[in-house]
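Every number in this text was worked out from the coordinates using simple rules, so none of it is lab data. Since this is a predicted model, take the numbers as computed values, not measurements. Every residue, glycine as well, gets a Cβ built from its backbone with ideal geometry; the counts of neighbours run over all protein chains shown.
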Amino acid sequence: MATPYRPTIGLEIHAELKTRTKMFCDCANDPDETRPNVNICPVCMAHPGTLPVINREAVRHVLRLGSAVGGTLADFSEFDRKSYFYPDIPKGYQISQYAHPLVTGGTLAGVAITRVHLEEDTARSTHVSAGESAGKSLIDFNRAGIPLMELVTEPVIHDAETAGRFARELQLLLRTLGAGEANLEKGEMRIEANISVSNEEGKFGTKVEVKNLNSFRSVERAVAFEIERQEALIEGGGKVVQETRGWNETKQETFHQRFKEGSADYRYFPEPDLPKLFLSEIPELSPEALRAALPELPWERRARYAQTYALKENDAAYIGATEERAAFFDAVAQALEHSKELVTLAANYLVSDLAGIYAKRGTESYGTLDPAAFAALIKMTHTGDLSSRGAKDVLTILVESGGAPEAIAKKHNLLQMRDTEALHSAIRGVLAEEAKAVEEYRAGKEAALQYLIGKGMKATKGAGDPNILKELIAKELK
């Protein structure tokens, strides 16, 4: 139902970057390390007298992303100290960027971007509720100092679906660029939404920040809930206050955490221990060099699938949604010599049958499925050597055990029977047993023909070619 309120949403997204070492020291950047406090050193633990050093690869990752989204890459940039006091920040400040981010502007998924900058991640806090440490908070500094990209959008999103679509596209872009895995469930990508509603044209309402969004569905549900909450609050005579709220996944609602700080509270000032960055002086970080080194971007890939193979928009989006899926499809297309007809058929089987098999298994494993074998299966289906049913059965075996499609089909008697003499024999038996259907067909009921074809398929254990069966039955009943 339409309401007089216009929602406005801006996103702040943090993503850990994939580098060998941390942002300002030589400790390993290993998000999979389970032992606490092993990837630490005096620099990331903020021991007195230590000096940070900028990670060049992290800077390059952010600039490549900026180039991909059409942003303006900084010629001059610097790092700043962002002061706040919390146990996960041993220095009492975070090294971040404020006045001079690496990237400004750009667009992704139709959403304008304000800025993209680089900072260091914080340590990980665990609040213990049971055992010897119950009631205490434990801190693991392995994550402290990991390169962290922060991207801020313009407040131009007006619905939950657009917010979710932007976040998904950013994750895919980071993976395509090799800049990060951005797994939300592992905390490698964290999404915050700034939400307001207003019924005054050209004016924003009071902004509320929502944190703890650890899945794309949570982003969409939290935004939708907060829009409804704010509208109901105003309608009831209340007032929206600027605050930070969390998302309760169990209750599917937001809750108050704290009142929001302003930028002045962080007392930003230039980091004195790091040099200024004059990026134009570094040839490999020039806009031209960065653009030339970009891979095929997600939207370019989807456009190629649509233009080259005439794939439907949804199919192109599904296939291009992960690097592994897209790489598998491209290898299959190459094995099919880029035949439009065959590749389109392959896409249909990948999006429907193969996706269904993986959904039942709970995992996708394109790395263990041979693209050449999948392409051979598509060719057999196209030539009629395999029925649709037979192709599904062979594909299931391919996924589970591998092998050659033709050998699998022969072993399991799945090759489509096209021997007219053998099919004639089966048909005669069916027609002798189905006198009523024969009479109905001769009386002009076309549905009776389909019934007889079905019986013929059953008599041949699904191996009969339905087109040949139809032709032979019609000929017999003339």
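Report, to one decimal in Å, the Kirkwood hydrodynamic radius for the range 310-377 based on all distinct Cα pairs.
12.0 Å
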query: Where the centroid of each part is defined by its Cα atoms, how far is the range 70-124 from the range 149-181 in Å?
result: 16 Å
Under 15 Å from the T126 label point (7 Å along Cα→beta-carbon), backbone N, the range 134-164: 134-144
- line: Scoring the chain by relative contact order with C-alpha pairs under 8 Å, at least six apart, yields a percentage of 13 percent
- line: Under 5 Å from the placed amide H of G205, counting only residues 5+ away or on other chains, we find V197, S198
- request: Within 10 Å, count the other beta carbons around each residue, average over each peptide in 65-71, 176-182, 51-57, and list them highest first.
  value: 65-71, 176-182, 51-57
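Is the C-alpha gyration tensor of the range 197-307 telling us rounded, prolate or oblate? Criteria: a/c under 1.5 is rounded; beyond that, a/b larger than b/c is prolate, otherwise oblate. Could you put the intermediate results ahead of the total?
On the way: a/c = 2.49, a/b = 1.50, b/c = 1.67.
In terms of gyration-tensor shape, oblate.
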field: Proxy reagent accessibility, fewest Cβ within 10 Å first, across S77, S133
entry: S133, S77
message: Positive end of the dipole of the chain, charges at C-beta (+1 Lys, Arg; -1 Asp, Glu), about the Cα centre: which of A224, A347, A327 has its Cα farthest in that direction?
response: A347
query: Under 5 Å between amide H atoms, partner at least 5 residues away or on a different chain: which partners does G106 have, H built in plane at 1.01 Å?
result: T72, I113
task: Give the long-range amide H neighbours of D80: residues separated by 5 or more places, or on another chain, with amide H under 5 Å away, using H modelled in the peptide plane at 1.01 Å from N.
output: S96, Q97, Y98, E271
- line: In order over the range 204-213: 3J(HN,Hα) from phi, Karplus 6.51/-1.76/1.60, θ = phi - 60°, whole Hz, x for each Gly or Pro, gives 8, x, 6, 7, 10, 9, 10, 10, 6, 9
query: Which of [x] 16; [y] 41; [z] 29 is the computed percent of Cα pairs over 40 Å apart for the structure on display?
result: [y]
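With a Förster radius of 60 Å, plug the Cβ-Cβ distance of K475 and K186 into 1/(1 + (r/R0)^6) and report the FRET value to the nearest 0.05.
Details: r = 64 Å, r/R0 = 1.06.
In this case the efficiency is close to 0.40.
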message: Using the Kirkwood radius over C-alpha pairs as Rh, can you work out the diffusion coefficient of the range 125-223 via Stokes-Einstein at 4 °C, viscosity 1.567 mPa s, in µm² per second?
response: 81 µm²/s
- request: For the chain, find the longest principal axis of its Cα atoms and tell me its angle to the long axis of helix 388-401, 0 to 90°, nearest 10.
  value: 50 degrees
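Cross-link list K436/K475; K207/K239; K392/K475; K136/K186; K410/K470; K445/K475: which exceed 21 angstrom alpha carbon to alpha carbon? Can you show the working numbers first?
Numbers: K436/K475 18 Å; K207/K239 12 Å; K392/K475 30 Å; K136/K186 23 Å; K410/K470 24 Å; K445/K475 16 Å.
Checking Cα-Cα distances, K392/K475; K136/K186; K410/K470 exceed 21 Å.
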task: Please work out the Cα center distance from the range 330-369 to the range 378-401, rounded to the nearest Å.
output: 12 Å
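Charges at C-beta only: +1 for Lys and Arg, -1 for Asp and Glu. How large is the resulting dipole of the chain about its Cα centre, in Debye rounded to 20? The partial results should precede the final answer.
Working: 58 positive and 69 negative charges, 200 e Å.
The calculation lands at about 960 debye.
Rounded, prolate or oblate for the range 15-57? Axes are the square roots of the Cα gyration tensor eigenvalues, ordered a ≥ b ≥ c, and the cut-off for rounded is a/c under 1.5. Display every interim value, and only then the final one.
On the way: a/c = 2.68, a/b = 1.19, b/c = 2.25.
In terms of gyration-tensor shape, oblate.
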- prompt: Between rounded, prolate and oblate, where does the range 178-231 land on the alpha carbon gyration tensor, with a ≥ b ≥ c its root eigenvalues, rounded for a/c under 1.5, else prolate if a/b exceeds b/c?
  reply: prolate
field: At R0 = 22 Å, FRET efficiency that the Cβ-Cβ distance of R35 and K136 yields, to 0.05
entry: 0.70
- line: Note, the range 24-35: 3J(HN,Hα) by Karplus (6.51, -1.76, 1.60, θ = phi - 60°), whole Hz, Gly/Pro = x, goes 10, 8, 9, 5, 5, 9, 10, x, 8, 5, 9, 6
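Give me the percent of DSSP beta bridges within the chain that run antiparallel, rounded to the nearest 5.
Here the antiparallel bridges make up roughly 95 percent for the chain.
Dipole of the range 1-55, Cα-centred, from +1 at each Lys and Arg C-beta and -1 at each Asp and Glu C-beta, to the nearest 20 debye? Each step should come with its number before you reach the end.
Values: 5 positive and 6 negative charges, 30 e Å.
The dipole of the range 1-55 has a size of about 140 debye.
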Inverse of mean 1/r across different Cα pairs in the range 1-88, Kirkwood, Å: 16.7 Å
message: If the only charges are +1 at each Lys and Arg Cβ and -1 at each Asp and Glu Cβ, what is the size of the charge dipole of the range 154-237 around the Cα centre, to the nearest 20 debye?
response: 360 debye
task: Pop out the ³J(HN,Hα) list for the range 140-147 in order, Karplus 6.51 cos²θ - 1.76 cosθ + 1.60 with θ = phi - 60°, rounded to Hz; leave Gly and Pro as x.
output: 10, 8, 4, 7, 4, x, 5, x
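Can you give the local net charge around S365? Use residues other than it whose beta-carbon is closer than 12 angstrom to its beta-carbon, Lys and Arg +1, Asp and Glu -1. Walk me through the intermediate numbers first.
On the way: positive: R325, R361; negative: E324, E364, D370, E400.
Charge balance near S365 sits at -2.
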Selected from L213, S280, A163, residue furthest toward positive end of dipole (the range 147-295; charges at beta carbon): L213
statement: One quarter of the C-alpha convex hull surface, i.e. the mean projected area of the range 50-96 in nm², amounts to 4.5 nm²
- prompt: Projected onto the charge dipole of the chain (+1 at Lys/Arg Cβ, -1 at Asp/Glu Cβ, origin at the Cα centre), which of T114, C27, N314 gives the Cα projection farthest towards the positive end?
  reply: N314
